[in-house]
Each structure stands twice: as C-alpha cells, then as structure tokens.
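Taking it in order: structure first as structure tokens, then the write-up.
Please treat every number below as a calculation from the coordinates, not as lab data. Just so it is clear, the model here is predicted, and its values are computed rather than measured. Here Cβ is always computed from backbone atoms with ideal geometry, including for glycine, and neighbour counts include all displayed protein chains.
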Amino acid sequence: MSYDQDNIFAKILRGEIPCNKVYENEHSLAFNDINPQSKVHVLVIPKGSYTDVDDFSRKASKDEIASLMQAVAEVCKITKVSLSEGGSGFRLIANTGTDGSQEVPHFHYHVMGGEPLGLRGLRKN
C-alpha cells in the first residue's frame, strides 16, 4: 500500500484540518478522536508518512520509534489512565489493514481508557 498524502491525518499534520491536540513532540502528534469509543480516546500518530505498523517498523528511524512510544506514555499520564499516575489502565490499539479495521491509511495508535473496556471490540472465541 502506498501512502496517501490526502488522508485526514496528513491534512491534520499539514494544518489543513484542526485537531484537539493532547500532546506533541518532534516526531509525534496526539489528539482526541472525533468519534470517541471510550471516555479517553486519543490518537497518537507519527509525523512521518507511514501507512501501518509494518511500514513504520521497517522505515522509521530509532528516534521516530522512541518518540512515538514516549508520546504514548505522555498521553497516558496527561489523561490519567497510566498506572504510574494512579489510573486504572488503558488499551493501546494499532489497527492494520482491512481485517484489522484500519480506517485511515496513516499508522496510528488508539489510547483508550477512563472506564472498564472489557471485551468490547474483541472477538470472543
């Protein structure tokens, strides 16, 4: 899959579409999901043009990878879902491809929490 420069996250990164920013560092941006599925639902994206987790893991620099994980940790602290901040935990999701229900072709994590999530969204075996 080639990167689509017109996807919504690319437009957010270029400042063409506003977002409700939660956190930003040199290589990453985090913002509230416009259609939250839990009390806390923040998207954490790399600023580089990566389609999915496979593309990111193959092409991103060590600094970009570290920056993205630091952004996730900071978002968890800011939103108070981090166990180290007295929160009750969170779910970190990276949807990939059609079967993984990836809707935007720009690699991103969903940080979800603020309430018990149970098995919601997970297939029961």
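Restricting Lys39, Lys11 to residues that are in contact (Cβ under 8 Å) with a residue 60 or more places away in the chain, of a type outside the set (Gly, Ala, Ser) and out of contact with any Leu (no Cβ under 9 Å at 6 or more places or on another chain) narrows the list to Lys39.
For region 2-16, does any single residue satisfy the condition of being of a type in the set (Phe, Trp, Tyr) and in a loop (DSSP other than H, G, I, E, B)? Yes: region 2-16 contains one or more residues that are of a type in the set (Phe, Trp, Tyr) and in a loop (DSSP other than H, G, I, E, B). Of the residues contained in region 94-106, none is found to be among the aliphatic types (A, V, I, L, M) and either assigned to a strand (DSSP E or B) or more than 21 Å from Ser2 (Cβ to Cβ) (or both).
Scanning region 36-53 for residues that are surrounded by 19 or more Cβ atoms within 10 Å (Cβ to Cβ) and among the aliphatic types (A, V, I, L, M) turns up Val40, Val42, Leu43, Val44, Ile45. Among the residues of region 29-40, at least one is β-branched (Val, Ile, Thr), closer than 17 Å to Tyr109 by Cβ and either out of contact with any strand residue (DSSP E or B) (no Cβ under 8 Å at 6 or more places or on another chain) or not in a helix (DSSP H, G or I) (or both). Can you find a residue in region 20-27 that is aromatic (Phe, Trp, Tyr) and either surrounded by fewer than 17 Cβ atoms within 10 Å (Cβ to Cβ) or part of a strand (DSSP E or B) (or both)? Among the residues of region 20-27, at least one is aromatic (Phe, Trp, Tyr) and either surrounded by fewer than 17 Cβ atoms within 10 Å (Cβ to Cβ) or part of a strand (DSSP E or B) (or both), which makes the answer yes.
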